[in-house]
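Heads up: the structure comes next, in structure tokens.
The values are calculated or read from the model by the stated rules, or taken from the named source; none is laboratory data. All values reported here derive from a predicted model rather than from experimental measurement. Cβ sites come from the backbone with ideal geometry, for glycine too, and all protein chains shown count toward neighbours. In case anyone asks, the SASA skips ligands and DNA or RNA and just uses the protein heavy atoms, side chains included. Shrake-Rupley method; radii C 1.70, N 1.55, O 1.52, S 1.80 Å.
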Amino acid sequence: MDLAGIARRLELEDLYTAYTGCLDSDALERWPEFFTEDCRYRITSAENYEAGMPLGLIYATSKNMLHDRVSALREANIYEPQRYRHIVSGIRITGERDGAFDAEASFVVVRTMQDGAMTLFAAGRYIDRVVRGEGGWRFARKDVVLDSRQIDTLLAIPL
Amino acid sequence: MDLAGIARRLELEDLYTAYTGCLDSDALERWPEFFTEDCRYRITSAENYEAGMPLGLIYATSKNMLHDRVSALREANIYEPQRYRHIVSGIRITGERDGAFDAEASFVVVRTMQDGAMTLFAAGRYIDRVVRGEGGWRFARKDVVLDSRQIDTLLAIPL
Amino acid sequence: MDLAGIARRLELEDLYTAYTGCLDSDALERWPEFFTEDCRYRITSAENYEAGMPLGLIYATSKNMLHDRVSALREANIYEPQRYRHIVSGIRITGERDGAFDAEASFVVVRTMQDGAMTLFAAGRYIDRVVRGEGGWRFARKDVVLDSRQIDTLLAIPL
């Protein structure tokens, strides 16, 4: 592993740290900025992912759709106040094509409700495609693949 | 990111690894050594932290106070035997001033009681100020900001 | 920390990422390949580990025994379908002797059953001895030291 490879790896870790930090601090308005204009973002279950089912619980095909989702969340405001805590592990680059990288990571999310109740909310993998543009690293694709198909129907904050 | 920046980053990760390893192995007598003489250590909730409330569940303003806390814990010995397991993620340097660094990290703690019962005990952030002295990296400030305000009143081992 | 030390550290992280990724994707047939021919693999509790008890819940003294275990698991197929998610933190090299490294890491494992039920399944430490051979890094010894002595008696997938 040479210096460029090491730097790239740590920059990728920084991307995941910034991304999950954005969600955990409820800075949702900044969340779409982690994606390219024509990104694909999806939350799905491992079962559906492995079966090649194209759609998901949440499915967006552009950064604008992500902005719309955040606006809807803020306006509807139907969900109970809650806080996420992402823990990410096993970040790795799995491929490289045309100047973009395939990357994967494992995560768990602990959710804390306003009354203080804390639950293990989600566990799974990020299966991503990242590109480095002018403003730094961005997700061109992000598949959030949940280990469980029992998804909270109030899934509101992005993962 | 240059070689010095990379080395600094990994040294910071090593600091968190050594710090949490000390707590998880119940080596509490060594715990104050991770702090500067005039450190500030605090455990608080995210709500209180964001509201700017100065105090916390635990609040200490010197390394001596940390030593005193450990002595009290060992002498009182009122708490049920338990084991912590810290998982840390998203370590990052957020600022630099006067030779000191602002650093943050996310954590969860799993607690195992003597009978083997295992619970998700805490989740939150470290919001720290670290300095590099003769003996290596030390915490000049450590705010342990818990996501939940439902804190176990028997909170005994430091976080 | 020089470039060689940095590269070694990241390669070690890659080893844990590949190892846990193998288990989490149920690629058990590849699992023994992470070990040397004359490896020792053990799952034990922290209590037994600290008391110096030599045996464990699972104890193997060669790569062939690991292969046998996978074959038995696949043929017996008595356990309910389940998925692991390992989260690893605090990877560190604790010693070096004769070209081999002592390494430790903390982990938690979230288990998801086929119906979607998700539980905090295990927490503990890896206490390992790793060597670098022709095919990359391998475990010469791996002690999986669980914080809890309440182990699921159906413990089926390796940790």
Could you derive backbone 3J(HN,Hα) for region C:8-13 from the dihedral phi with the Karplus parameters 6.51, -1.76 and 1.60 (θ = phi - 60°), listing whole Hz in sequence and x where the residue is Gly or Pro? 4, 4, 5, 5, 5, 4
Could you please report the charge total around A:Asp147, scoring K, R as +1 and D, E as -1 over all other residues with beta-carbon less than 10 angstrom from its beta-carbon? +3
Can you give me the orientation-averaged projected area of the convex hull built on the Cα atoms of region B:96-152, in nm²? 5.5
How many angstrom lie between the Cα centre of region B:16-30 and the Cα centre of region A:82-159? 29
Nm distances between copies for C:Gly133, ranked from closest, using label points 7 Å along Cα→Cβ: 4.7, 4.7
Based on Cα positions only, what radius of gyration and what Dmax would you give for region B:32-92, in angstroms? 14.0, 37
Value of D in µm² per second that Stokes-Einstein yields for chain B, Kirkwood Rh from Cα pairs, at 37 °C (0.692 mPa s): 202
Accessible solvent surface per residue of chain C, calculated while the other protein chains remain in place, 1.4 angstrom probe, Å²: 43
Check A:Ser148: other-chain or 5+ apart residues with amide H under 5 Å from its amide H, H built from backbone geometry? A:Ala46, A:Ala123
Calculate the translational D of region C:56-139 in whole µm² s⁻¹ from Stokes-Einstein, where the hydrodynamic radius comes from the Kirkwood formula applied to all Cα pairs, the temperature is 10 °C and the viscosity 1.306 mPa s. 103
Within-15-Å neighbourhood charge of A:Ala46 [Cβ basis; K, R +1; D, E -1]: -2
For C:Ile58, list long-range residues whose amide hydrogen, built 1.01 Å from N in the peptide plane, is under 5 Å from its own amide hydrogen. C:Ile43
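With +1 assigned to the C-beta of every Lys and Arg and -1 to the C-beta of every Asp and Glu, and no other charges, what is the dipole magnitude of region A:34-110 about the Cα centre in debye, to the nearest 20?
280
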Taking the simple approach of a point 7 Å from Cα along Cα-to-Cβ for both A:Asp102 and A:Ser25, what is their distance in nm? 3.3
Explain nothing, just compute: Karplus ³J(HN,Hα) = 6.51 cos²θ - 1.76 cosθ + 1.60, θ = phi - 60°, for every residue of region A:62-67 in order, whole Hz, x for Gly and Pro. 6, 4, 4, 5, 5, 4
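Among C:44-50, A:4-10, how do they line up from the highest to the lowest mean number of other beta-carbon atoms within 10 Å? Each step should come with its number before you reach the end.
Values: C:44-50: 18.3, A:4-10: 15.9.
My ranking of the peptides, most packed first, is C:44-50, A:4-10.
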Of all the accessible heavy-atom surface of the protein assembly as shown, with the other protein chains kept in place and a 1.4 Å probe, what percent is carbon and sulfur? 47
Between C:Arg132 and C:Leu3, what FRET efficiency comes out of the Förster formula 1/(1 + (r/R0)^6) with R0 = 22 Å and r the beta carbon distance, rounded to 0.05? 0.85
Using a simple spin-label model with points 7 Å from Cα along the Cα→Cβ vector, what separation in nm is obtained for C:Leu55 and A:Leu55? 5.5
Starting with the highest mean, order B:23-33, C:17-27 by the number of other Cβ atoms within 10 Å, averaged over the residues of each peptide. C:17-27, B:23-33
Under 16 Å from the Cα of B:Lys142 - lysines, other chains or at least 8 residues apart: B:Lys63
Tensor-based shape of region A:1-71 (alpha-carbon gyration tensor, a/c under 1.5 rounded, otherwise prolate or oblate): oblate
Rounded to the nearest 500, what is the protein assembly as shown's calculated 222 nm mean residue ellipticity when only DSSP H runs of at least 4 contribute -39500 (n - 2.57) each, over all residues? -8500 deg cm²/dmol
Return an integer: the convex hull volume of the alpha-carbon atoms of the protein assembly as shown, in Å³ per residue. 162
